[in-house]
Amino acid sequence: MTERRILLVDGHGIAFRAFFALPEMTAPNGTHTNAAVGFFNMLGRAVTAHQPDRVVVAFDMKGPTFRHELFADYKANRPATPPEFSEQMPIIHQLLASAGIDVMESAGLEADDLIGAAACQWSEDAQILILSSDKDILQVLGPGVTILRPAKGVSDVEIVTAESFAQEWGFPPA
């Protein structure tokens, strides 16, 4: 029996990367589309290359997380999200729903929290692939978990396993 393969995607992280990697694009009505186009290009490439049995996209929700309760200045120095990016998030959500792709969101948690928990739980029964540019997610590397890190723009991806991580850094992932 072939092991199931699940692709977990950091929705906000990949869309944000696409937003800045691609030139400004707009629909005929003036709606910005570069984040959505880049997001679905990256997602499509990952699905084509790795043929997952299931795809789940995790998103951050608006509002504070448990980290804000622990540290009031969490992300305080981060610039505001560009409105041209924010206007594309509903489009991405609508297209994911139309494609029948599952979405995870939870108040008080970030996408990488959800991805990390799902990866740890589901890796017992499936091969987990995580599409994320967030270096924090590298801590969930281990048996059955592989990270797909966008390396250049929206087309190149670096495949990171626990073994390749240990080789590069000289110690195993957490």
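Each reported figure results from applying straightforward, stated rules to the coordinates on display, with no laboratory input. Note that the coordinates shown come from a computational prediction; the quantities given were computed from them, not determined experimentally. Here the Cβ positions follow ideal geometry from the backbone for every residue, glycine too, while neighbour counts run over all protein chains shown.
Suppose we flag GluC sites (Glu not before Pro) only when DSSP calls them loop and at most 10 other Cβ atoms lie within 10 Å. Which is the longest uninterrupted stretch of the chain?
That would be 25-123.
Applying a length cut-off of 20 Å (Cα extent along the axis) and a mean Kyte-Doolittle floor of -0.5 to the DSSP H helices of the chain leaves 34-50. Nearest 0.05, what FRET efficiency do Leu95 and Phe171 give at R0 = 30 Å with Cβ-Cβ as r? Approximately 0.15, to the nearest 0.05. Only DSSP H runs of four or more residues enter the estimate; each adds -39500 (n - 2.57), and after division by the residues of the chain the mean residue ellipticity at 222 nm equals -11000 deg cm²/dmol.
Shape index of the chain: Rg/Rh, with Rg the Cα radius of gyration and Rh the Kirkwood radius from the inverse mean 1/r over Cα pairs, equals 0.97. Which FRET efficiency value, to the nearest 0.05, do you get for Ser86 and Ile159 by plugging their Cβ-Cβ distance into 1/(1 + (r/R0)^6) with R0 = 22 Å? After rounding, the FRET efficiency stands at 0.10.
With a simple spin-label model that places each label point 7 Å from the Cα along the Cα-to-Cβ direction, the separation between Glu3 and Gln139 comes to 2.4 nm. Name the shape class, rounded, prolate or oblate, that the alpha-carbon gyration tensor gives for region 109-174, where a ≥ b ≥ c are the square roots of its eigenvalues, rounded holds for a/c under 1.5, and otherwise prolate holds if a/b is larger than b/c and oblate otherwise. Oblate shape, in that a/c is at least 1.5 and b/c is the bigger or equal ratio. Peptides 128-134, 16-22, 116-122 ranked from most to least packed, by the mean per-residue count of other Cβ atoms within 10 Å: 128-134, 16-22, 116-122.
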